[in-house]
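Below: one structure, written as structure tokens.
The values are calculated or read from the model by the stated rules, or taken from the named source; none is laboratory data. Worth saying up front: this structure is predicted, and the values here are computed from it rather than measured. Virtual Cβ from ideal backbone geometry, glycine too; neighbours counted across all protein chains shown. Heavy atoms of the whole protein, side chains included, go into the accessibility calculation; ligands, DNA and RNA do not. Shrake-Rupley method; radii C 1.70, N 1.55, O 1.52, S 1.80 Å.
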Amino acid sequence: MSEILGLGYLGVETQQSAAWESFATKLLGLELADRRENGTLVFRLDDYAYRFAVEPGPSEDVAYVGWEVADDAALIALEERLRRNDVAVVVEGDAVARMRRVRRVISFNDPDGTRHEAFSGPLLQPQKPFVSPRSIGDFVTGDQGFGHIVLTTKNMERQQQFFCDVLGFRLSDYIGSPDSERSFVFMHCSPRHHSIALARLPSPKRLAHLMIQTADSDDVGLTYDLAQQLGYPIAATLGRHTNDRMFSFYVKTPSNWDIEFGADPLLIDEPTWHVRQYDVPSVWGHVRSAPART
Ligand code: FE2
């Protein structure tokens, strides 16, 4: 049983804020919600005030991953389980909570050292409906959260144990065998097939990709065309994944990790779900046009 309901927000570091602003707004169709004095750009794609933050920093990689829980009691239960498993937890003060536009937030690191946060009480602003700067339909969030992320690791077993046994994610499935050069473990906490996956990949970055999902699959195709018109490198062509059945393509971000832009995946029905494995990531497509990272 996990207190975690889904991916709430993601923070990334970059030294290329201007490139990120036009990538996020003109291509992805995210709304710039806040431009802060320290240079942080905050983007939204639904009623949540805080979904994606691009912050000044050296790494061109993930800065923190924000997980939503239902309420303060769930946050305390998660904090206690982390401590019982000897994970150092910081109960963050009002300053961090205000930055993240939530009521309460705790932080901790996974075994690879990536910073995670869990929060209760996110700020929703239905009085300011999400308006995309480009012509695009709704994004799929709600009880499935912001989207999914894939983190690379050299310690697959230790990371998987942390996410499943400590944080309470449930296994969805596997792609690739543990002894192959590229292998993946997928985990869920909601009907979304995975909110996080771990990848054994030859990559210098911790963040392999962030997936955002549109309600209309035509928006995936239109965004694919637009990426090419705007000159953004396609990391993988249109395709459909074997495990979550996502119809998607991958585009390289200004930080050289990928955004997966997708639609039309299957949903997990928890009582009937059972764990399976796949030997390849895609039914068709997803042809990589650059050195593989996801
Ligand atoms: Fe993905």
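What you get for the range 132-226, charging only the Cβ of Lys and Arg (+1) and of Asp and Glu (-1), is a dipole of about 500 debye around the Cα centre.
Each Lys and Arg adds +1 at its Cβ and each Asp and Glu adds -1 at its Cβ; summed about the Cα centre, the range 4-120 shows a dipole of about 200 debye. Residue by residue, the range 219-232 carries 3J(HN,Hα) couplings of 5, 5, x, 5, 6, 4, 4, 4, 4, 6, 4, 7, x, 7 Hz when phi is fed to the Karplus relation 6.51 cos²θ - 1.76 cosθ + 1.60 (θ = phi - 60°); x denotes Gly or Pro. In a reduced charge model with +1 at each Lys and Arg Cβ and -1 at each Asp and Glu Cβ, the chain shows a dipole moment near 480 debye about its Cα centre. For the range 143-193, pairs of C-alpha atoms spaced more than 17 angstrom apart make up 37 percent of the total. Relative contact order of the range 49-162: 27 percent, from C-alpha pairs under 8 Å at least 6 residues apart in sequence.
Reported to the nearest whole Å, the Cα centre-to-centre distance from the range 6-77 to the range 243-263 is 17.
The alpha carbon centroids of the range 81-121 and the range 178-227 are separated by 24 Å.
Rolling a 1.4 Å probe over the protein heavy atoms gives the range 64-188 an accessible area of 46 Å² per residue. From its DSSP helices (H runs of at least four residues, each -39,500 (n - 2.57)), the chain gives a residue-normalised ellipticity at 222 nm of -4500 deg cm²/dmol. Element breakdown for the chain at a 1.4 angstrom probe: carbon and sulfur atoms account for 51% of the accessible area.
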